[in-house]
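These notes concern the structure reproduced below.
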Amino acid sequence: MIVIAINPKRISSHIPSARFTGIVLTWLMTLSNSVSAVKLIDAMISGDITDAPHLLISAGSIWITNVVVFALWYWELDRGGPGKRAEALKPYPDFMFPQMSDPNYAPPSWHPNFFDYLYTSFTNASAFSPTDVMPLTRWAKMLMLVQSFTALLTVGLVIARAVNILH
């Protein structure tokens, strides 16, 4: 809501205050979700969680939030953010979408929108690796690595603990 209040129209230009606010809010969501994941892992290790449905719901909400937060990071950072992408201020992309690799796959005016980054984030968290969207820069590779590691750790520990609880 804060970002929409700063820039209520479609993002068509780079507005530094809106970008700064978006990055700060994404950091806060990242920090909050990380703290939740650490608390969940601590509760699993200490044996405080003995209810499998509660464990699965908690882990599922952390996993889904992780997907959304990383989609926001990808959307906010690729080519300098949505405003700079709209103005074509940065010529080289940080992510290579299939539509960008061959003009036969999409119209010339095609550009990624938030859903494309959400899809990228979901498939990265599900497959623990890039699927059809390739990271081209080191920061994009590092973010995808962190997201995959977080998803793998969360899913692996939760499944192991849930199986242990059910037996």
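The values are calculated or read from the model by the stated rules, or taken from the named source; none is laboratory data. Since this is a predicted model, take the numbers as computed values, not measurements. A quick note on method: Cβ atoms are made from the backbone with ideal geometry, for glycine too, and the neighbour counts reach across all protein chains shown.
Pick from the range 96-137 the residues that are in contact with a strand residue (DSSP E or B) (Cβ under 8 Å, 6 or more places away or on another chain) and in a loop (DSSP other than H, G, I, E, B): which of them is modelled with the lowest pLDDT?
Among those that are in contact with a strand residue (DSSP E or B) (Cβ under 8 Å, 6 or more places away or on another chain) and in a loop (DSSP other than H, G, I, E, B), it is P112.
Would you confirm whether any residue within the range 73-91 is of a type in the set (G, A, S), surrounded by fewer than 17 Cβ atoms within 10 Å (Cβ to Cβ) and touching a residue at least 60 places away in the same chain (Cβ under 8 Å)?
Taking every residue of the range 73-91 in turn, at least one turns out to be of a type in the set (G, A, S), surrounded by fewer than 17 Cβ atoms within 10 Å (Cβ to Cβ) and touching a residue at least 60 places away in the same chain (Cβ under 8 Å).
For the range 65-78, indicate whether the set of residues that are of a type in the set (D, E, K, R) and part of a helix (DSSP H, G or I) is non-empty.
yes
Name every residue in the range 133-146 that is within 17 Å of V67 (Cβ to Cβ) and surrounded by fewer than 20 Cβ atoms within 10 Å (Cβ to Cβ), in order of residue number.
L143, L145, V146 - these are the residues of the range 133-146 that are within 17 Å of V67 (Cβ to Cβ) and surrounded by fewer than 20 Cβ atoms within 10 Å (Cβ to Cβ).
What are the pairs, 6+ residues apart or on separate chains, where a residue within the range 139-161 that is assigned to a helix (DSSP H, G or I) and of a type outside the set (S, T, Y) has its Cβ under 6 Å from a residue that is modelled with pLDDT of 90 or more and surrounded by fewer than 20 Cβ atoms within 10 Å (Cβ to Cβ)?
Partner pairs satisfying both residue conditions: A140/D94.
Please work out which one of (1) in a helix (DSSP H, G or I); (2) over 30 Å from V163 (Cβ atoms) is the condition P93 fails and give its number.
Among (1) in a helix (DSSP H, G or I); (2) over 30 Å from V163 (Cβ atoms), P93 violates only (1).
Which residue is surrounded by the most Cβ atoms within 10 Å (Cβ to Cβ), if the candidates are limited to the range 147-165 and must be more than 25 Å from M29 (Cβ to Cβ) and of a type in the set (G, A, S)?
A162
Under 7 Å between Cβ atoms, at least 6 apart or on separate chains: pull out the pairs that start in the range 14-41 with a residue that is in contact (Cβ under 8 Å) with a residue 40 or more places away in the chain and end on any residue that is acidic (D, E) and part of a helix (DSSP H, G or I).
Listed pairs, sorted by first residue: H14/E87; G22/E76; I23/E76; T26/E76.
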